[in-house]
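**Student:** A single structure is presented below for examination.
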Amino acid sequence: MDEAKSIEILLEHDIRPTANRIVLIKTLAEAEYPLTMTELEDLVDTIDKSNVFRALTLFREHHLVHVLQDGAEAVRYELCHSHEEGHDDDIHAHFYCEKCGQIFCLNNIPVPKVALPEGYQMNTINYLIKGICPKCGG
């Protein structure tokens, strides 16, 4: 993803583009799987931990990233491709390999609708499938 597209995405989510935020958006967009904060910090070693954390918090508040717990109880972040604050059309399943610890996006597997009891309001849903990936299974 180029800088112009990164700026466009930030502005679409009402986030002021800064050099650090642009770098973080580009890094998240280029990632092949959701990243932990530590993995993100390692990839962008020019940005200190507190700035990474503040940016991720802002991104989450503005629905620019999905936050999910992986099978090892780590928090992971991935770029959300939905552009509506009230509706997220980018919800998809994830697969956690119990052998190698890798997490994979399963973009073509829909997340089933959940019928909650009256009075409950869902804000987000994480659909995580655990097992063994093809690389580890053979």
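**Student:** Please state the charge dipole magnitude for region 3-137, taken about the Cα centre, from unit charges on C-beta atoms (+1 on K and R, -1 on D and E), reported in debye and rounded to the nearest 20.
**Tutor:** Its charge dipole is roughly 300 debye.
**Student:** Could the peptides 111-117, 125-131, 72-78 be put in order, highest first, of the mean number of other beta-carbon atoms found within 10 Å of their residues?
**Tutor:** Descending packing order for the listed peptides: 72-78, 125-131, 111-117.
**Student:** Contour minus end-to-end for H92 and T57, with contour as 0.36 nm per residue of separation and end-to-end as the Cα-Cα distance?
**Tutor:** Length gained between H92 and T57: 10.5 nm.
**Student:** Can you match Cα extents along the principal axes in Å to one of these, [x] 78, 38, 27; [y] 42, 40, 25; [z] 41, 33, 29, based on a calculation from the structure here?
**Tutor:** The value matching this structure is [y].
**Student:** Turning to a different aspect of this structure: Could you compute the net charge surrounding K49? Neighbours are other residues with a C-beta less than 12 Å from the C-beta of K49; K and R count +1, D and E count -1.
**Tutor:** After counting each charged neighbour, the total is -3.
**Student:** Dipole of the chain (Lys/Arg Cβ +1, Asp/Glu Cβ -1, origin at the Cα centre): which of V52, T38, Q102 lies farthest to the positive side?
**Tutor:** After comparing all options, I get Q102.
**Student:** Would you kindly state how much longer the chain becomes between E118 and E39 on full extension, computed as 0.36 nm times their sequence separation minus their alpha carbon distance, in nm to one decimal?
**Tutor:** Computed gain between E118 and E39 is 24.5 nm.
**Student:** A further question follows. In region 31-68, which GluC sites (Glu not before Pro) are in a loop and have at most 14 other Cβ atoms within 10 Å, using DSSP for the loop call?
**Tutor:** E32
Since every read-out is calculated from the coordinates, none of them should be taken as a lab result. Small disclaimer: the values here were computed from a predicted structure and weren't measured. Note: ideal-geometry Cβ built from the backbone for every residue, glycine included; neighbour counts use all protein chains shown.
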